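Written out below as structure tokens is the structure these notes cover.
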């Protein structure tokens, strides 16, 4: 464990909590892509199947359980409790265009052709595109509430810190996970455009982020 | 071949 990975995991947890509390307290999921949250729940489900078979550390187990619980709780808020405020019109990204290529690629490019390994690979590839429905929804509505942009900021920060974590691990341990790194770089690139808007608009105090 | 890596990252 290193400071980059630990702070990355904390940012990830903060992002998920920000989103959950925003929906819970405003009793609305307006502007939130339910599809992205479904994809994240699928990412955690397919990645954490080793929760009961491989014990790594208390931290690892606790964080996996927390991520799974919060992911499913957020999905249930969007699709059940506050479903009347769910804007399915704007959340129109065709997720099958993500799931099919990601599933195909996880069968082609993986470290070993075993169910657990293919599902883990699927979760890595899926995570790199899971935010796209949310980013697409923002471009479609042309705006995002500032709290939603803070959620995306912490999510992007978590990914950026993971890149630093991989540089550190390669330098210190000679550890290099090609699938995770390539997928992580692609994922982080998707946040670049958002980061630009976030720093030039939201942090300038304009409250909500409106796209040009 | 099985060259899986340790899955210690979240």
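Against the definition (touching a helix residue (DSSP H, G or I) at 6+ places or on another chain (Cβ under 8 Å) and either part of a helix (DSSP H, G or I) or surrounded by fewer than 18 Cβ atoms within 10 Å (Cβ to Cβ) (or both)), how does residue A:66 come out, yes or no? Even if it seems obvious, please write down each step before you answer.
Values: touching a helix residue (DSSP H, G or I) at 6+ places or on another chain (Cβ under 8 Å): yes; either part of a helix (DSSP H, G or I) or surrounded by fewer than 18 Cβ atoms within 10 Å (Cβ to Cβ) (or both): yes.
Here the answer is yes, as residue A:66 does meet what is asked.
Based on what the data block shows, is residue A:117 modelled with pLDDT of 95 or more, assigned to a helix (DSSP H, G or I) and within 13 Å of chain B (Cβ to nearest Cβ)?
Working: modelled with pLDDT of 95 or more: yes; assigned to a helix (DSSP H, G or I): yes; within 13 Å of chain B (Cβ to nearest Cβ): yes.
Spelling it out, residue A:117 is indeed modelled with pLDDT of 95 or more, assigned to a helix (DSSP H, G or I) and within 13 Å of chain B (Cβ to nearest Cβ).
For every residue, the table says whether it meets (1) within 18 Å of residue A:48 (Cβ to Cβ); (2) buried (at least 17 other Cβ atoms within 10 Å of the Cβ).
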{"site": "A:72", "(1), (2)": "yes, no"}
{"site": "A:79", "(1), (2)": "no, no"}
{"site": "A:84", "(1), (2)": "no, no"}
{"site": "A:94", "(1), (2)": "no, no"}
{"site": "A:98", "(1), (2)": "no, yes"}
{"site": "A:112", "(1), (2)": "no, no"}
{"site": "A:128", "(1), (2)": "yes, yes"}
{"site": "A:134", "(1), (2)": "no, yes"}
{"site": "A:150", "(1), (2)": "no, yes"}
| said: For residue A:153, only one of the following conditions fails: (1) within 14 Å of chain B (Cβ to nearest Cβ); (2) assigned to a helix (DSSP H, G or I); (3) over 17 Å from residue A:186 (Cβ atoms). What is its number? | reply: (1)
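Whether any residue in region A:33-48 is within 22 Å of residue A:106 (Cα to Cα), over 19 Å from the mean Cα position of the chain (by Cα) and either at pLDDT below 95 or within 14 Å of chain B (Cβ to nearest Cβ) (or both) is what I want to check.
So the first thing to find is which residues in region A:33-48 are within 22 Å of residue A:106 (Cα to Cα), and the list is A:35-48.
Cutting the leftovers down to over 19 Å from the mean Cα position of the chain (by Cα) gives us none.
Checked region A:33-48: no residue is within 22 Å of residue A:106 (Cα to Cα), over 19 Å from the mean Cα position of the chain (by Cα) and either at pLDDT below 95 or within 14 Å of chain B (Cβ to nearest Cβ) (or both).
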| Tally of residues being more than 10 Å from chain B (Cβ to nearest Cβ) and either without any contact (Cβ under 8 Å) to a residue 24 or more places away in the chain or surrounded by fewer than 20 Cβ atoms within 10 Å (Cβ to Cβ) (or both) across region A:162-188 | 14
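Loosely packed, with under 14 Cβ neighbours inside 10 Å and within 21 Å of residue A:179 (Cβ to Cβ), is that true of residue A:104?
yes
The values are calculated or read from the model by the stated rules, or taken from the named source; none is laboratory data. Values in this document were obtained by computation on a predicted structure and should not be read as measured data. Backbone-built Cβ (ideal geometry, glycine too); neighbour counts: all protein chains shown.
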